[in-house]
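Every number in this text was worked out from the coordinates using simple rules, so none of it is lab data. Note that the structure is predicted; figures quoted are calculated from it, not measured. All Cβ positions, glycine included, derive from the backbone under ideal geometry; neighbour counts span all protein chains shown.
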Amino acid sequence: LIQLYIPLNFLGVLYREIKQSLTDLDRMFTLMAREREIADAPGAPDVALSGPTVRFEGVAFAYDPARPILHDVSFEIPAGQTVAVVGASGAGKSTLARLLYRFYDVSPDNGGRITVDGQDIRQVTQDSLRRSIGIVPQDTVLFNDTIAYNIAYGRPGATRAEVEAAARAAHIHDFIVAQPKGYDTVVGERGLKLSGGEKQRVAIARTLLKNPPILIFDEATSALDSANERAIQTELRSASVGKTTLVIAHRLSTVVDAYEILVMEAGRVVERGSHPQLLALGERYARMWQLQNAGSAPAGHIAQENDTH
Ligand code: ATP
C-alpha cells in the first residue's frame, strides 16, 4: 500500500498543479479574446504626447448593446491636473477608466471619442497608449512570483535598486524586508497573501517605476483602516504630482483638491465643479459631503442613499 501511496500522492499534487495552470490559462485566453476585439487601426502611429491633455467628448458606451451604460460623457483633464469621479456603485465610474485604457472602444455609432493630446485613442497603437498610462486598480492582481518581479513588471529590465526606490516611495519597503526572503518572497495565490492595502502599495510601486505621464487610480471600495487609507491617499497624491490623473474615488477626502469633480448617476454626469463650487451648489455632492463627514460611509454608498430621496 505504501508503494502505491507515494505515486498517488504525487498524482494528487500534479492534478492540483495542472488544474491551477488551466485556471491561469483560462484567464489568459479570456484576456487574449478581449485583446483581439480591440485592434490597431491599419498603419496606426504611436501616440505622440507633450502634455498630455485627456478629453472625453460626448462618450457613449454599452458592454451589451441592449443595455447602454454611459450617455454623453464629456470632460477634460488638462495636462498635469486631476479629475475625480464620484457616484453610486454601478454609475459607470470604472467604465471610464476601462475606456481610457482601451480595454473597450466607445460605441461605434455616435459614441463620441476619447483623445490624448488631440489624438483619437482608436487611431494610435494600443501598445504606445498603454505604455503612457499607469493604472492602480481597485484590486491588484499579483503574479505567483517574487515581490521584486511583481514591482518590476511596471518596467521590465528595472534594476533591484530602482525596484527598491519605488517600494520605498510607496511605503512597502519595510514590509518587504521584514519577510524571511525579502524581495525574493513569492506572493500571489500560491505564495504569501497580501492585504488589500499592501496589494495597492505594490500597484503604486509598480506605477511609480513605470512613471507614465497619465495615471488612473481606482480607489478600493473595501474599507481600509483609516491610518492605512490616509497613508495610501498621501502616496497617491505624491505619485500624481505633475501627471494627468483620473481618480475614481469612493471617499470624498480624496477629491477635495481635484481640478474638477464629476458626480455620476446612471451613466451621466449630473453635477460638476471644484469642491468649493459643488459645496456652494448645495445639491448632491454637498449632501454626500455632509453625510460623509457625519459618518464614515464611503461616497458610493452615500450617493445611493441620496438616490432614494
Ligand atoms: P463601483 O463604484 O461599484 O466600482 P462603477 O460606478 O465603477 O461601480 P462600473 O464598474 O463602471 O460602475 O459599471 C457600470 C455598469 O456596467 C454596472 O451596471 C455594471 O453591472 C456594468 N458592467 C460593468 N462591467 C461589465 C461587463 N464586463 N459586462 C457587462 N456589464 C458590465
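Summary of values
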quantity: Residue order, fewest to most surrounding Cβ atoms within 10 angstrom, among 206, 155; calculated: 155, 206
quantity: Long-range amide H partners of residue 215 with built H, under 5 Å; calculated: 134, 244, 245, 246
quantity: Within-10-Å neighbourhood charge of residue 187 [Cβ basis; K, R +1; D, E -1]; calculated: 0
quantity: Ascending count of other beta-carbon atoms within 10 Å, so fewest first, for 139, 72, 218; calculated: 139, 72, 218
quantity: In Hz, Karplus ³J(HN,Hα) per residue of the range 152-157 (6.51, -1.76, 1.60; θ = phi - 60°; x = Gly, Pro); calculated: 5, 3, x, 8, x, x
quantity: Placed amide H near residue 262: partners under 5 Å, 5+ positions off or other chain; calculated: 84, 85, 86
quantity: Amide H partners (placed H, <5 Å) of residue 112, local residues excluded; calculated: 60
quantity: The range 64-120: projected area of the alpha-carbon convex hull, averaged over directions, in nm²; calculated: 4.6 nm²
quantity: Relative contact order, percent, the range 102-208 [alpha-carbon distance under 8 Å, six or more residues apart]; calculated: 33 percent
quantity: Neighbour-count order for 115, 125, fewest beta carbons within 10 angstrom listed first; calculated: 125, 115
quantity: Vicinal HN-Hα couplings computed from phi for the range 228-239 (Karplus, 6.51 cos²θ - 1.76 cosθ + 1.60; Hz; Gly/Pro x); calculated: 4, 5, 4, 5, 5, 4, 5, 5, 4, 5, 6, 5
quantity: Percent of Cα pairs exceeding the 19 Å cut-off, where the set is the range 92-193; calculated: 55 percent
